[in-house]
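A short write-up of the structure that comes next.
The values are calculated or read from the model by the stated rules, or taken from the named source; none is laboratory data. Predicted model only: the values in this text are computed from it and were never measured. Cβ placement follows ideal geometry from the backbone for every residue including glycine, while neighbour counts extend to all protein chains displayed. Areas reflect the complete protein model, heavy atoms only, side chains present, ligands, DNA and RNA absent. Shrake-Rupley method; radii C 1.70, N 1.55, O 1.52, S 1.80 Å.
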Amino acid sequence: MSTTRPYSPGDRGPEPSGASGASEGGTPTAGVPAGAAAPSVPSGAAGGTQDTGGPQARRLRLQGESGVVPLARDFARQALYAWGWLPAAGADQRAAAEDVLLVVSELVTNACLHAEGPDELFLACDNKVIRVEVSDRGSGQPAPRTPHRAGRPGGHGMFIVQRLCLDWGVVRPAGRPGKTVWAELGAPG
């Protein structure tokens, strides 16, 4: 497996100046199983929630479904309600929830446009961070368009993800095609 970062997905490590995990070389990550979530975030049952008083997780199978972007967005919205991010108590919380929904939409749309469609959406939340993962069978490497041109149509998805997220990257499972694009957003303050 490889990632856009030289360390495991759950370890945000030092940030390169002006970057958010986009353009570093794909180096193998030792000690993390292929397709693993952040080490501190347990996976829930398929389509369900795991509530152990700590991190919570939800998983949605998207492979073969139609209308996956609104489906994924609705699923994420339901998770945000279950985790107390919605209904928003204030502007900061509302903005944080909208950012999560936008990132889900962008990652699922990218899987539709540049891979063979998304296989699965995984969401995990603890007190400080929400993690979004979209798995697909594509071989491409997502990256923000550089240089970014606001007036140019298309190609803004990963730029948006980079701007809204604390960190993001790509994990490739060993021995099989595909990838998981993950992104982490901070909880409202």
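Taking the criterion of being open to solvent by less than 30 Å² (accessible area, probe 1.4 Å), at pLDDT 95 or above and assigned to a loop (DSSP other than H, G, I, E, B), the only residue of region 162-177 that qualifies is Cys165.
Filtered by the rule that a residue be hydroxyl-bearing (Ser, Thr, Tyr) and in a helix (DSSP H, G or I), region 66-109 gives Tyr81, Ser105, Thr109.
When we screen Phe122, Phe159 for residues that are aromatic (Phe, Trp, Tyr) and modelled with pLDDT of 95 or more, the only hit is Phe122.
Selection within region 138-154: residues that are modelled with pLDDT of 70 or more and of a type in the set (Gly, Ala, Ser). The member of this set that is farthest from Gly178 (Cα to Cα) is Ala143. Selection of region 71-114 for residues being open to solvent by less than 40 Å² (accessible area, probe 1.4 Å) and β-branched (Val, Ile, Thr) yields Val100, Val103, Val104, Val108.
The number of residues in region 50-70 being modelled with pLDDT under 50 and open to solvent by 60 Å² or more (accessible area, probe 1.4 Å) comes to 2. Within region 117-138, residues that are over 26 Å from Gly189 (Cβ atoms) and without any contact (Cβ under 8 Å) to a residue 24 or more places away in the chain have Cβ atoms under 7 Å from residues that are open to solvent by 10 Å² or more (accessible area, probe 1.4 Å) and outside any strand (DSSP E or B) in no pair, counting only partners at least 6 apart in sequence or on another chain. Look at (1) surrounded by fewer than 17 Cβ atoms within 10 Å (Cβ to Cβ); (2) in contact with a helix residue (DSSP H, G or I) (Cβ under 9 Å, 6 or more places away or on another chain); (3) under 17 Å from Ile160 (Cβ atoms) and you find that Ile130 fails only one, number (1).
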